[in-house]
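The values are calculated or read from the model by the stated rules, or taken from the named source; none is laboratory data. Please read all numbers here as calculations on a predicted model, not as lab measurements. Virtual Cβ from ideal backbone geometry, glycine too; neighbours counted across all protein chains shown.
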Amino acid sequence: MKKLILSFLIAGTLTGFSQVAPDKYYVQFTDKNNSPYSIDDPSDYLSQRAIDRRIRQGIAIDEKDLPVNPAYLQGVTDAGAAVLNPTKWLNGVTIYTGDSTVVIAINALPYVANVLKSTPVVYNDGPENFKKPFFEHEYYNGTAPVIFKDGQGITSFDYGEGYNQIHMLKGDLMHDMGYRGQGMIIAVIDAGFNNADIHPAFDSLWNNNQILGTRDLVDGGEVAFDKSSHGTMVLSTIGSNYPGQLIGTAPKASFWMLRSEDVGSEYIIEEYNWVSAAEFADSAGVDVINSSLGYYVFNDPSQDHTYADMNGNTTPVTIGADIAASRGMAVCNSLGNEGSGFWYYLIAPSDGDSVFGIGAVDANGNYAGFSSHGPSSDGRIKPNVVAQGSGVYAADPSGWFTYTGGTSFSSPITAGMVACLWQANPEMNNMEILSAIEQSASQSEDPDDLLGYGIPDYVMANNILTVVESFTLVDLDIEIYPVPFKDRLYFNVISDDKEHRQGRAEVTDLTGKIVSEEELDLTKTSSVNLEYLPAGIYFLKIRIDDKYAVKKVVKL
């Protein structure tokens, strides 16, 4: 792979010198004029896999993809600053310098729009005692949750204590169908991956070359496996493959470990680090990003966000996350752990209109009180969906496993399932995949501010996506009874459309196989005799011209 040049942007029109962390600044460039890079030759800055993703989804290469002009970066270096992370999407760079005259010199360069600085913060207790706001309400080394669900069924894998968190989403059934993340690449953007190189949960990832590499956007170079344990635990809920203990939601996927978070402080530079990490993920050909991170308050109060900023268009990290989605990646992000705190609402970048913001439920599928609330400040449904975030079983970096909690874990559980669903439907684009997940969820017809569209059913989402592509999914009003049914299923299609009187009904099993089909007269009640089928979950698909609707039904 050619050397990838990273990038990010800052929102707004701040002027003067604004420090994004002590002695660290953000430099905004004016343009990408006279660049040695060309839209016509993307192989200079994108891997072939990244280019293929764009082609497959019909996404054009544009100016945002062009790296920052190297001459501009050289000019900043010549002025005396150390370049940290360039950002191509939003055309800027973070720098380090302790000399104010260097900042003045950079601000005077003809291609610099501004340099963004504020007063350094003095720690009262020292940075080693600092607790990051996003992590503050999460817990580790918890006790086993009380689960009132059915015990582990007959599956091809022994999920151990991690069974409930995948079974809740029907992920175990997706695995049985052969969809375990093969051929998909997931980037985990986090605070560190302590002992992930030696933990037994990841043995198969290393042995099978499923770890594609690491990048440290905080300290530079490769990730050192002696920083925060947070990313280790997060990664385990997706990629662990330890039968009898924990099998993650996408144990056959490949992974990039990207560190963007400095656990010793909280400054807005970490938002820029995040965007740089997402740019790297894009360039490397990643399919799904998981980010168990979020931002709203900082050590420097002048950098704090407000709830009004959670509108999908304001914070640097949200702007970058939406751009990441516009490049064809699925971006899953924790909604936040502020549900019982002073903030209460979601945090950036989960507010992005193209970002899959993930809330948390407990082991029984009930709202977890710490999970941040929606909506976005401009009134959009958030969270998008939820997954288990309380009583989650994850790798303990000390070498074994533990129970933990937070939306940090509901998001990666979801990201792994997104990868499996996309593996099953590679012809779909990222937004089609995420839309089907929402439509499959438990509250799809009545979303709210706690669970969004609810708990997804990934088998149902797969069935939705396997309908003929030329058909358009609609929310038909279908009356179904009895629920559940025993032998015969009755249904009415309630419609004011007098022109379309005929349709077609199909019943499929969990694998998508059609087990019953017949023509419909939409003017009267219809029924299908399914007494010959075994008990279980099926899907009723109603087709009318070029439209269709899907409803889950249960046979006793």
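Given the residues G192, G181, G162, which is the only one that is over 25 Å from R259 (Cα atoms), touching a residue at least 40 places away in the same chain (Cβ under 8 Å) and crowded, with 17+ Cβ neighbours inside 10 Å? First the steps, then the outcome.
Working: G192 fails: over 25 Å from R259 (Cα atoms); G181 fails: over 25 Å from R259 (Cα atoms).
Exactly one residue qualifies, and that residue is G162.
Would you mind stating whether S240 is within 22 Å of R56 (Cα to Cα), in contact (Cβ under 8 Å) with a residue 60 or more places away in the chain and among the hydroxyl-bearing types (S, T, Y)? No: the conditions fail for S240.
Of the residues making up region 43-62, just one is outside any helix (DSSP H, G or I) and within 14 Å of I185 (Cα to Cα), namely S47. Among the candidates D322, D351, the residue that is within 14 Å of the chain's Cα centre (by Cα), surrounded by 24 or more Cβ atoms within 10 Å (Cβ to Cβ) and acidic (D, E) is uniquely D351. Taken together, the residues in region 417-438 that are over 17 Å from the mean Cα position of the chain (by Cα) and farther than 15 Å from Q57 by Cβ amount to 1. Are any of the residues in region 310-319 aliphatic (A, V, I, L, M), farther than 25 Å from T249 by Cβ, assigned to a loop (DSSP other than H, G, I, E, B) and in the same structural domain as E432 (by TED's automatic domain parsing)? Yes, because at least one residue in region 310-319 is aliphatic (A, V, I, L, M), farther than 25 Å from T249 by Cβ, assigned to a loop (DSSP other than H, G, I, E, B) and in the same structural domain as E432 (by TED's automatic domain parsing).
Just to be sure, is K227 basic (K, R), crowded, with 20+ Cβ neighbours inside 10 Å and modelled with pLDDT under 95? Please lay out each step first, then the result.
On the way: basic (K, R): yes; crowded, with 20+ Cβ neighbours inside 10 Å: yes; modelled with pLDDT under 95: yes.
Against the criterion (basic (K, R), crowded, with 20+ Cβ neighbours inside 10 Å and modelled with pLDDT under 95), K227 qualifies.
Based on what the data block shows, is I238 buried (at least 24 other Cβ atoms within 10 Å of the Cβ), part of a strand (DSSP E or B) and in the same structural domain as D219 (by TED's automatic domain parsing)? So I238 fails the test. Tell me whether region 316-325 contains one or more residues that are within 18 Å of I185 (Cβ to Cβ) and of a type in the set (D, E, K, R). No, region 316-325 contains no residue that is within 18 Å of I185 (Cβ to Cβ) and of a type in the set (D, E, K, R). Scanning region 279-299 for residues that are surrounded by fewer than 24 Cβ atoms within 10 Å (Cβ to Cβ) and not aromatic (F, W, Y), we see that the one that is nearest to G352 (Cα to Cα) is V297.
Mind checking whether some residue in region 422-430 is in contact with a Leu (Cβ under 7 Å, 6 or more places away or on another chain) and of a type in the set (G, A, S)? Working first, answer last.
First, the residues of region 422-430 that are in contact with a Leu (Cβ under 7 Å, 6 or more places away or on another chain): 425, 428.
If we keep only those that are of a type in the set (G, A, S) too, we end up with none.
No - not one qualifying residue is present in region 422-430.
Scanning region 24-42 for residues that are assigned to a loop (DSSP other than H, G, I, E, B) and of a type in the set (K, R) yields a total of 1.
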